[in-house]
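All remarks here apply to the structure that follows.
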Amino acid sequence: MGGRQSTEGGARLMSPRPGVTGGVQGFDSPLAVELREATSAALRCSVDTRLFVNESEAVLNRFTRALQHVRQQRFVDEQRIFDGLVQPSERQQLVHFLIDCVRNRFLMRAKVAKVKQILTERSSQWSASFREHVATCATCATVDLEQRSSTQPPADAPEFQEKRPIAFCVEVLAICGILLPLLASLQVGHCGFRWVLLIFGLLAMIPLLIFVVLKRRRGYMWVLMQFAQGDYSHCTKQRPLGRLWAPSALQVSSGSDCEDRGRFVSFGRWWKQPWTPASLTVRVGASRSATGEEACHLEIDLADLPHQRLSADLGQDGVLTGAGLPQGGNFDGSHLLLSAAASRAGQRGTHLETWAKASCWRLDILQKVLFMLAAVGLTSMLVALTVPPGLDVHCFEAGHRGQRWPLKAVFNLDASGSISQTAWQSEKDATEAIIKEFAQVYGSEPGAVHIGVVQFASDAQLEVPLTNHLQAAVKALQNIKQNAGGTVFSKALSLCQQQLSGYQAAGAKTFDVCVLITDGQTSESTADLRRIVQQDTAVFGIFVGSDSTSSERLHDLSTCGAANHSSSCHFFASATNFQDLRRNARQVAEAVARGSDDAGGGQRGRQPPPAWLTLFLLTALPFIVWWIYLLLSKRSRIVEPAPTSAREIREPLRLHAAGMNESRNFGSSRAGSGRSDEVSLATRGS
């Protein structure tokens, strides 16, 4: 017929474009406009008997195709599109048209059932319209769109099941296993960082302790009350989870593939809101009995069930009781389970229905966050307490930069006759450069570097007493006049040790250095010179010149002091002239700074963490394997029921009506179009 061809052609023009994805508004899109036009055609067909007889199948096909095209686009406002197809007063009229299509032509049953499924999945208003119309229309009640074949699939057929998410304990194990060697490597050489880890670990465990105390003192019902109020989304599928997934107890799904896309790790499920619209709202009220016992009452507003409003009492163990719940229910802080009476035709008894909290404020999410925070805190405490070198109670007494102790350095400048006036000025310039590099390496904090200057020849003279005012020390250095004479190290080292021992402004823990700059040698023995300075005082020898013998003797005299008491450790540097020494001032300052670091914690303070800590990285292996498993495509498929004959799925009244329609339509094809209309009208009236 002409009308049928035109409607089918219009539907083909509105086929969905390839590559269109969700995430856009579709209410004003061409597909939504076509769906509304198809809906209007269905309404016109439902009130015109002659048009229904001739065009109902074509109109239904157009409406079905338009509905499926909109559904395939996954518009973000899909519910709004479905709710706005018709006026509320016309919604039951369209439902009656759909069911009449099945009564007039039984082969349309699967198509109408698909239309109902699409509409009711995304719109509670359509679900209520179907339910109310079937309850009030006696003829429509004979059509059961929910009935399925009684034929069971083969026992060995694979059954579709969503993959279980990564267990929470596996996630905790992976994170802690990665954090342990990472934090252990970060704390090397940082005494203060270990205390930060310890304090963070203690603070991170406090929220979990508070939660446990509140749960024990206020009771489990009080905890559930904090999470009961809010919106819930209906879950068509559920599966209990084992202890590995605790505190989560259920894996739920709305029946769409949106859950599959959010299956990366279970962390994503903590805050992922269900894609289906909320179909249940709970309001909480509390009261106290005459005995002072607290009671919790829930007002449940159900938009998709026969009992629109329920009132229930929440027990201490999460059990729901009330007159509207003859079979009871349960609430675990995240999911609401109601054993509601089945109301659909052909069903008996009760069935368990599940709603998931449609927000992040859920008990399982809170528990996971608290447990994870406590696990990270415990890991931090273990690193701070057990990984060498451990905590140092004198850490913050040492200074401002972790293991680096404040520096007390006395420069002993050779002013003997072998040093010319030009070389003397160059020696002072090189010393000034080293002092400035000390300030750069140690930072600008006051009290980090303390400098003194002694010039020596046949005798030793204190020119600049120890001070942390470096600019004043440098200015005084440039004003020193040279004293001529021989080269005697003992008096210089003795005066240096006196200055270091008597100066207390830098604190109790300091790194003491006597910097001995010379171009010659002394006749004094190395052993006698070493006994002049204390064991913790380092002698940094700097030889300027080309005499290898003198350089070797100064090398043997130099020591590392508190950084390393070994006789094989030497703080020593050499340069061909004082200009060369000035260019290498940075290296001298860094060498002394490293000695200060080692003195603060010894070699233990900077040693790398034990290599066996890297084995903890293997704890992330189960997480990685599970994640790869989730990314793999499913092998099992939904097993469709085996095809059955029409006789197995038709009810007696519907079989009779469909048989009469088919026989009369067959007879009308031989009697002419006028006779066909008459017979079809008679059938529709019956």
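The values are calculated or read from the model by the stated rules, or taken from the named source; none is laboratory data. For clarity, every value in this text was computed on a predicted model and none was experimentally measured. Glycine gets a Cβ as well: all are built from the backbone with ideal geometry, and neighbour counts include every protein chain shown. These accessible areas exclude ligands, DNA and RNA; they are computed on the full protein's heavy atoms, side chains included. Shrake-Rupley method; radii C 1.70, N 1.55, O 1.52, S 1.80 Å.
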Subject >> Restricting the stretch 119-143 to residues that are aliphatic (A, V, I, L, M), open to solvent by 10 Å² or more (accessible area, probe 1.4 Å) and assigned to a helix (DSSP H, G or I), the residue that is farthest from Thr64 (Cα to Cα) >> reply: Ala135
**OP:** Take Pro30 and decide whether it is under 45 Å from the mean Cα position of the chain (by Cα), open to solvent by 60 Å² or more (accessible area, probe 1.4 Å) and either at pLDDT 50 or above or within 21 Å of Glu90 (Cβ to Cβ) (or both).
**Re:** yes
Original post:
Is it true that Ala538 is modelled with pLDDT under 80 and either of a type in the set (Phe, Trp, Tyr) or touching a Ser or Thr at 6+ places or on another chain (Cβ under 9 Å) (or both)?
Top reply: no
Original post:
In the stretch 91-111, which residue that is within 48 Å of the chain's Cα centre (by Cα) and buried (at least 16 other Cβ atoms within 10 Å of the Cβ) is farthest from Ala32 (Cα to Cα)?
Top reply: Arg109
Original post:
Is it fair to say Glu146 is open to solvent by less than 10 Å² (accessible area, probe 1.4 Å) and modelled with pLDDT under 85?
Top reply: no
**OP:** Can you give me the number of residues within the stretch 464-490 that are under 20 Å from Thr537 (Cα atoms), in contact with a helix residue (DSSP H, G or I) (Cβ under 9 Å, 6 or more places away or on another chain) and not β-branched (Val, Ile, Thr)?
**Re:** 4
**OP:** Have a look at Arg44, Arg36, Arg62 and point out the one that is open to solvent by 60 Å² or more (accessible area, probe 1.4 Å) and either within 15 Å of Val86 (Cβ to Cβ) or touching a residue at least 24 places away in the same chain (Cβ under 8 Å) (or both).
**Re:** Arg44
**OP:** Being open to solvent by 10 Å² or more (accessible area, probe 1.4 Å) and touching a helix residue (DSSP H, G or I) at 6+ places or on another chain (Cβ under 8 Å) narrows it down to one of Asp580, Asp512, Asp547, so name that one.
**Re:** Asp512
Subject >> Residue check for Ser558: out of contact with any helix residue (DSSP H, G or I) (no Cβ under 8 Å at 6 or more places or on another chain), crowded, with 17+ Cβ neighbours inside 10 Å, modelled with pLDDT of 90 or more and closer than 20 Å to Gln521 by Cα >> reply: yes
Subject >> Those residues of the stretch 438-461 which are under 23 Å from Phe511 (Cβ atoms), open to solvent by less than 60 Å² (accessible area, probe 1.4 Å) and either hydrophobic (A, V, I, L, M, F, W, C) or in a loop (DSSP other than H, G, I, E, B) (or both), in sequence order >> reply: Phe438, Ala439, Val441, Gly443, Gly447, Ala448, Val449, Ile451, Val453, Val454, Phe456, Ala460
**OP:** Sort out which residues of the stretch 164-174 are assigned to a loop (DSSP other than H, G, I, E, B) and either more than 15 Å from Leu632 (Cα to Cα) or modelled with pLDDT under 80 (or both), and write them in order of number.
**Re:** Ala167
Original post:
For the stretch 86-115, which residues satisfy the criterion of being out of contact with any Leu (no Cβ under 7 Å at 6 or more places or on another chain), touching a residue at least 12 places away in the same chain (Cβ under 8 Å) and assigned to a loop (DSSP other than H, G, I, E, B)?
Top reply: Arg105
Original post:
In the stretch 296-316, is there at least one residue being part of a loop (DSSP other than H, G, I, E, B), at pLDDT 70 or above and touching a helix residue (DSSP H, G or I) at 6+ places or on another chain (Cβ under 8 Å)?
Top reply: yes
Original post:
Under the condition of being touching a Lys or Arg at 6+ places or on another chain (Cβ under 6 Å) and modelled with pLDDT of 85 or more, which residue from the stretch 57-81 is nearest to Asn104 (Cα to Cα)?
Top reply: Ala58
Subject >> Pair list, Cβ under 6 Å, 6 or more apart: the stretch 197-208 residue under 18 Å from Leu186 (Cβ atoms), other residue open to solvent by 40 Å² or more (accessible area, probe 1.4 Å) >> reply: Ala204/Leu373
Original post:
Quick one: is Val188 on the phi < 0 side of the Ramachandran plot, hydrophobic (A, V, I, L, M, F, W, C), open to solvent by less than 60 Å² (accessible area, probe 1.4 Å) and more than 25 Å from the chain's Cα centre (by Cα)?
Top reply: yes
Original post:
Does the stretch 476-486 contain at least one residue that is at pLDDT 90 or above, surrounded by 15 or more Cβ atoms within 10 Å (Cβ to Cβ) and assigned to a helix (DSSP H, G or I)?
Top reply: yes
Original post:
Of the residues Arg604, Arg594, which single one is basic (Lys, Arg), open to solvent by 80 Å² or more (accessible area, probe 1.4 Å), modelled with pLDDT of 65 or more and in a helix (DSSP H, G or I)?
Top reply: Arg594
Subject >> Members of the stretch 191-232 that are in a helix (DSSP H, G or I), within 26 Å of the chain's Cα centre (by Cα), under 24 Å from Ser334 (Cβ atoms) and among the aromatic types (Phe, Trp, Tyr) >> reply: Phe211, Phe227
**OP:** Starting from residues that are without any contact (Cβ under 8 Å) to a residue 40 or more places away in the chain and hydroxyl-bearing (Ser, Thr, Tyr), keep the ones in the stretch 487-509 and report whichever is surrounded by the most Cβ atoms within 10 Å (Cβ to Cβ).
**Re:** Ser494
**OP:** State which residue pairs qualify: first residue without any contact (Cβ under 8 Å) to a residue 12 or more places away in the chain and inside the stretch 220-245, second residue open to solvent by less than 30 Å² (accessible area, probe 1.4 Å) and in a strand (DSSP E or B) in any location, beta carbons under 8 Å apart, and separation of 6 or more residues or different chains.
**Re:** Pro240/Gln251
**OP:** Give the residue, chosen from Trp245, Trp222, that is open to solvent by less than 80 Å² (accessible area, probe 1.4 Å), touching a helix residue (DSSP H, G or I) at 6+ places or on another chain (Cβ under 9 Å), over 19 Å from Lys368 (Cβ atoms) and modelled with pLDDT of 85 or more.
**Re:** Trp222
**OP:** Give the residues of the stretch 418-432 that are farther than 16 Å from Ala457 by Cβ and of a type in the set (A, V, I, L, M), sorted by residue number.
**Re:** Ala430
Original post:
When the stretch 515-532 is examined, which residues are found to be among the hydrophobic types (A, V, I, L, M, F, W, C) and either closer than 13 Å to Ala409 by Cβ or surrounded by 21 or more Cβ atoms within 10 Å (Cβ to Cβ) (or both)?
Top reply: Val515, Leu516, Ile517
